[in-house]
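Enquirer: Handing you this structure, nothing more for now.
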Amino acid sequence: MSDGTSTIDPALELSSEHAALAFVTRCFSSTEDLYLRPGVALTPATRLREDLGIDSIGRVSLFYTLLDTLGVSEDDVPGGDQSAAALESVGDLIVFARTVVAAERAR
């Protein structure tokens with residue numbers, strides 16, 4: 001977190017597509033605000049609004065769920081919660097999570 005100590009789980013692995021999609025699925029299942037539409041398979045190309053029906057408020061909720069799951073705060077992310085606006089697909093979530101994890105591990 002902001003005090004210079006990383007709370008990222010050392011066992012968290014996001015390098016493979018399978019592991020990254022499992023992480024995103026876990027983020028969805030850990031919030032009551034969002035749910036996966038039946039029949040929609042998560043792939044990096046899955047669009048948050050068009051395919052999953054997630055609006056801008058839902059993207060912000062997903063952003064905070066992702067940060068909570070990673071164990072970091074918005075203060076640890078360049079752009080803070082404004083970064084949520086750039087999340088348009090599952091692939092964007094994966095890239096964002098990988099970026100946050102890499103930055104935290106580099107501290």
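The values are calculated or read from the model by the stated rules, or taken from the named source; none is laboratory data. Here the structure is a predicted model, which means the values were calculated and not measured. Every residue, glycine among them, receives a Cβ derived from its backbone with ideal geometry; neighbour counts consider all protein chains shown.
Enquirer: Please state which of the following conditions LEU66 fails to meet, knowing it meets all the rest: (1) of a type outside the set (D, E, K, R); (2) under 19 Å from ASP9 (Cα atoms); (3) in contact with a strand residue (DSSP E or B) (Cβ under 9 Å, 6 or more places away or on another chain).
Expert: In the conditions (1) of a type outside the set (D, E, K, R); (2) under 19 Å from ASP9 (Cα atoms); (3) in contact with a strand residue (DSSP E or B) (Cβ under 9 Å, 6 or more places away or on another chain), LEU66 misses (3) alone.
For every residue, the table says whether it meets (1) in a helix (DSSP H, G or I); (2) touching a residue at least 60 places away in the same chain (Cβ under 8 Å); (3) within 11 Å of the chain's Cα centre (by Cα).
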{"site": "ASP51", "(1), (2), (3)": "no, no, no"}
{"site": "THR65", "(1), (2), (3)": "yes, no, yes"}
{"site": "ASP75", "(1), (2), (3)": "yes, yes, no"}
{"site": "ALA103", "(1), (2), (3)": "yes, no, no"}
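Enquirer: From the residues in region 72-107 that are farther than 20 Å from ALA19 by Cβ and of a type in the set (Asp, Glu), which one is modelled with the lowest pLDDT?
Expert: Ranking the qualifying residues of region 72-107, first place goes to ASP81.
Enquirer: A follow-up question, please. When the residues of region 82-97 are narrowed to those that are exposed (fewer than 14 other Cβ atoms within 10 Å of the Cβ) and free of Cβ contacts under 8 Å to residues at least 24 places away in the same chain, which ends up farthest from PHE28 (Cα to Cα)?
Expert: GLN82
Enquirer: Right, next: Considering region 84-97 alone, what residues qualify as being in a helix (DSSP H, G or I) and more than 19 Å from LEU12 (Cβ to Cβ)? Let's see the steps before the verdict.
Expert: We begin by selecting, within region 84-97, every residue in a helix (DSSP H, G or I); these are 84-86, 90-97.
Correct list: ALA84, ALA85, ALA86.
Enquirer: Let me ask another. For the condition surrounded by 13 or more Cβ atoms within 10 Å (Cβ to Cβ), in a helix (DSSP H, G or I) and modelled with pLDDT under 90, what is the one hit in THR69, THR31? It would help to see each step written out before you state the result.
Expert: Details: THR31 fails: in a helix (DSSP H, G or I).
It is THR69.
Enquirer: Only one of ASP9, ASP51, ASP75, ASP55 is on the phi < 0 side of the Ramachandran plot and surrounded by 16 or more Cβ atoms within 10 Å (Cβ to Cβ). Can you tell me which? Walk me through it before giving the result.
Expert: Working: ASP9 fails: surrounded by 16 or more Cβ atoms within 10 Å (Cβ to Cβ); ASP75 fails: surrounded by 16 or more Cβ atoms within 10 Å (Cβ to Cβ); ASP55 fails: surrounded by 16 or more Cβ atoms within 10 Å (Cβ to Cβ).
Just one listed residue meets the conditions, ASP51.
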